[in-house]
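FYI, it's all coordinate maths here, none of it is from the lab. As the structure is a prediction and not an experimental result, all values here were calculated from the model. With ideal geometry, Cβ positions are generated from the backbone for all residues, glycine too; neighbour counts draw on all protein chains shown.
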Amino acid sequence: MEGEAGSNGGKVLSEEAGEAAHRLRGVQLGLADPLGQQESASVSEELGKGAGEVTGSGDVRAGDPHVEQAAFEFGWKAVLRSRIAALPALSEPRRQEAARSVRTVLAALRRAESSCWQERWHNGGWNQAPDLAPLFGDSVRASAFKSGEIMHGLGVLLCLDIVRPSYDWLGRFRFTAGFERLRQVRGAEFFATVRDACQVRKVTRVQEQHAVRMLTIPLAHTGKSPRDLTSQDMLDMCRVLSSRRGQRPPGLTLAWDLLRQLGVLPAGTPTLHDAQRRQRPNIPDMVDFYGLSCPDVRNLIIRYVSERAPAIDYITTRQLIWKLAKRFWKDLEEHHPGTTS
């Protein structure tokens with residue numbers, strides 16, 4: 001759809017399409033927004049400037065669906081070509097495959113209403129989805145998942161910092177190839193230093209892999225480079241992943257120590273054990289520790305305990321959460337899977 005769109009014959013792309021693509025790429029790649037998120041706004045602005053370019057209001061979210069699709073395809077094809085070309089170690093066939101995979105994922109994301117990809121990710125329920133397949137149409141599910149196209153597209157989106165999944169989501173899905181490319185994009189030299197440090201420490205290959213994974217997950221969630229990570233980033237990840245497993249995720253202690261050794265965490269940073277002991281969790285964190293499946297019940301417990309907390313001490317608050325979240329509702333979920341009330 002790179003010519004005309006819309007039943008009323010309004011031209012979506014004028015003869016100045018090349019110039020528009022250049023402007024669009026500048027808007028998308030040079031955004032003050034760190035995520036490059038304002039997809040709909042920037043496409044609307046750039047493609048809706050000329051009276052003959054977009055009919056109606058020029059808002060690609062609210063106009064003719066053909067206009068919306070044309071703007072989406074035109075804008076993001078240009079952006080994707082530019083950004084994917086910058087990814088390391090991608091041959092031309094692999095670049096084309098990456099662009100195709102990303103377009104498949106973005107098409108599914110666009111089903112959720114929002115003005116940016118990260119909000120669509122959140123509003124579409126992607127962070128909570130135990131299985132990705134239902135988020136895609138029947139026509140793409142079987143072939144795309146069988147070929148690995150969906151996971152490849154998601155991995156590329158992480159590298160491009162288009163979406164930033166939750167720690168819980170990143171802990172549930174493994175992106176071996178995607179995470180490796182993310183490390184190349186965000187800090188190839190840093191991770192080479194990490195591997196050297198692991199050799200000096202004489203840790204096992206498995207221990208090194210776990211630590212490297214623990215250093216990669218916060219990059220995908222925060223959008224940071226590895227040398228910008230903070231102790232709070234690591235503690236936040238630890239709290240979420242620990243609530244899923246009931247124990248500290250493997251490799252986290254080594255990852256923490258490597259950040260201290262390499263000067264990422266400032267001098268005087270305590271050990272992970274001491275840092276966790278000093279940081280008192282808040283009510284949502286304490287409830288989330290038990291990994292309740294029903295978000296409505298989780299939110300209800302948080303609201304109730306938050307109302308009671310000012311009148312009781314901290315130990316009593318923790319005991320109340322344990323009784324409601326663990327002894328009552330978690331036990332109910334374990335014996336009656338799928339219950340919501």
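Ordering Trp121, Trp256 by the number of other Cβ atoms within 10 Å of each residue's own Cβ, fewest first, gives Trp121, Trp256.
Using the Cβ-Cβ distance between Arg111 and Lys202 with R0 set to 56 Å, the FRET efficiency works out to roughly 0.65. Under the convention that each Lys and Arg Cβ holds +1 and each Asp and Glu Cβ holds -1, the size of the dipole of region 83-131 around its Cα centre is about 180 debye. At an R0 of 45 angstrom, the distance between the Cβ atoms of Arg100 and Arg308 translates into a FRET efficiency of 0.30. Judged by the mean number of other Cβ atoms found within 10 Å, the most tightly packed of the peptides 198-205, 150-157, 296-303 leads the ranking 150-157, 296-303, 198-205.
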